[in-house]
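The values are calculated or read from the model by the stated rules, or taken from the named source; none is laboratory data. Computed from a predicted structure; not experimentally measured. Ideal geometry is used to build each Cβ from the backbone, glycine not excepted, and the neighbour counts take in all protein chains shown. Protein only, heavy atoms only, side chains kept; ligands, DNA and RNA dropped before computing areas. Shrake-Rupley method; radii C 1.70, N 1.55, O 1.52, S 1.80 Å.
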Amino acid sequence: MGRTITAAVLDKCGNNPRPYATHTPLRLAELSLDDPRPGELLIRIDAAGLCHSDLSVVNGDRPRPMPMAIGHEATGIIEALGSPDDAHFAIGDRVVLAFLPACGECVRCQSGEGYMCANGAASNGAGRLLGGGCRLHEHGDDVNHHLGVSAFATHAVVDRRSAVKIDRDIPSEIAALFGCAVLTGVGAVMNSAKVRPGESVVIYGLGGVGLAALLGALASAAVPIVTVDPSAEKRAIAATLGAVAVDPVEAAEVIKQTIPDGPDVVIETVGKAVVLQEGYRLARRGGRIVTVGLPNPAERFDIAAVSLVAEGKTLIGSYMGSSIPARDIPRYISLWRAGRLPVETLLTSVSPLSEINGLLDALAEGRAVRQIVRP
Ligand SMILES: [Zn+2]
Ligand SMILES: [Zn+2]
């Protein structure tokens, strides 16, 4: 039977001229959405955040099958269950959607590394749901799912393994942020770097993930913390939170002054190989360098191979903050409730879905941290 929904659809990955507000690479389309199959959920989307990974599909840095209904950071209410006897989820539950469904059955999942689930990565790469196929169609043709979510829409059908149940009282524009920015940024600090109290941390980039990493570093009692970003507005937010905040031009100098031995931990969220190289170079002997940004696949990373051994440095790639959403989202929400993870500092604006192309411009120009869309 299904239903008709409104969703933001991208027809072309890359080569989309700017400004996006006038060229409108995303079009609001009426799509038909299938009923959820067994193990799936129909979600009414309440709020969805615009993430750099969405922009990376529009500008071609992250090639994806087209057409695609994009958006992957969201919260909503369950309106229907594909398995009516679901023991965990019920109609009316509020959920946060995570952008990698872990199958629960592969070796990686069985080893507690669901963020490395090959089945989830394969279905995401193919633009399908974990259970196979598309639930979205336009004039009879499939429309691809973005990371199993496709959140810039009035409704979504997702695999139940993409959803984490949360309490209903959390404002939706806050709850959505836990699905990507917080999961990735805080996870990079707490899960991937395992920052200990009193360790020094340098964070490159103060977008949603970078700012969330700062919140994670503060919650982990890291000190000192140096953040690097070209935007004066974003640096002001970081400074208010208690970090040293510097422009990239003066970063190396200020980091040397603030942390003479070099930082214990570097978190790179910019997604540029040159930034990762700089962070790697500045980290102390024995330091950990965590990269969580997504560079264009063509970029190469150049370090002296001997430095890994001679300087004992550890380079760590962090996908989704090495997070287990069902474990970590409730943990981060507890920290937020206790005032230890002020996630609202990430929130730039709340807008209707119709403004999404203009919001892409603001993100591309570094004028926004997290912009929330309400369908
Ligand atoms: Zn994201
Ligand atoms: Zn798996």
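General remarks:
- Potential lengthening between residue 298 and residue 44 on full extension [0.36 nm per residue; Cα-Cα distance subtracted]: 87.7 nm
- Probe 1.4 Å, accessible area per residue of region 1-146, Å²: 40 Å²
- Placing a label point 7 Å from the Cα of residue 307 along the Cα-to-Cβ direction, the residues of region 216-231 whose backbone N falls under 20 Å from that point are 226-229.
- Using only side-chain charges placed at the Cβ, +1 for Lys and Arg and -1 for Asp and Glu, the dipole size of the chain relative to its Cα centre rounds to 640 debye.
- Two-site label geometry, residue 334 and residue 126: point separation in nm, points 7 Å out along Cα→Cβ: 3.8 nm
- Per-residue packing, averaged as other Cβ atoms within 10 Å, sorts the ranges 98-106, 76-84, 143-151 into the order 143-151, 98-106, 76-84, beginning with the highest.
- Along its first, second and third principal axes, ordered by size, the chain spans 65, 46, 39 Å in Cα coordinates.
- If you plug the beta carbon distance of residue 253 and residue 66 into 1/(1 + (r/R0)^6) with R0 = 51 Å, you get a FRET efficiency near 0.70.
- Remark: spin-label model distance residue 261-residue 110 equals 4.3 nm, labels positioned 7 Å along the Cα→Cβ axis.
- Taking 0.36 nm per residue of separation and subtracting the Cα-Cα distance, full extension of the segment from residue 236 to residue 223 would add 2.9 nm.
- Top of 247, 261, 302 by mean-square fluctuation, Gaussian network on the chain, Cα under 10 Å: 302
- Probe 1.4 Å, all protein chains present, accessible-area order of 249, 201, largest first: 249, 201
- Anisotropy class of region 195-278 from Cα gyration tensor, a/c 1.5 cut: rounded
- Once the Kirkwood radius over Cα pairs is known for region 85-196, the Stokes-Einstein relation at 10 °C and 1.306 mPa s delivers a diffusion coefficient of 104 µm²/s.
- Relative to the longest principal axis of the Cα atoms of the chain, the long axis of helix 208-219 lies at roughly 60 degrees.
- The shape of region 174-316 comes out rounded: with a ≥ b ≥ c from the C-alpha gyration tensor, a/c is under 1.5.
- Only lysine pairs 8 or more places apart or on separate chains count here, and in the chain those with Cα atoms under 27 Å apart total 11.
- With all protein chains in place and a 1.4 Å probe, the accessible surface of the chain carries 53 percent carbon and sulfur.
- Legend: calculated FRET efficiency, residue 167 to residue 35, from the Cβ-Cβ distance at R0 = 41 Å, rounded to 0.05, equals 0.90.
- Per the Debye calculation on region 1-110 with a single equal scatterer at every Cα and no solvent contribution, log₁₀ I(q)/I(0) for q = 0.10, 0.18 Å⁻¹ amounts to -0.38, -1.06.
- The angle between the Cα long axis of helix 232-241 and the longest principal axis of the Cα atoms of the chain comes to about 80 degrees, rounded to the nearest 10.
- Over region 239-294, accessible surface divided per residue gives 45 Å², non-protein components excluded, 1.4 Å probe.
- Counting only Cβ charges, +1 for Lys and Arg and -1 for Asp and Glu, the dipole size of region 53-160 around its Cα centre is about 200 debye.
- For residue 190, the solvent-accessible surface computed with a 1.4 Å probe is close to 40 Å², ligands and nucleic acids excluded.
- Computed from Cα positions, the angle between helix 248-258 and the longest principal axis of the chain comes to roughly 50 degrees.
- Separation of region 187-246 from region 1-50 is 33 Å, based on Cα centroids.
- On full extension, the segment bounded by residue 3 and residue 90 gains 29.3 nm, given 0.36 nm per residue less the C-alpha separation.
- Our summary gives the chain a relative contact order of 18 percent, counting only alpha carbon pairs under 8 angstrom and 6 or more residues apart.
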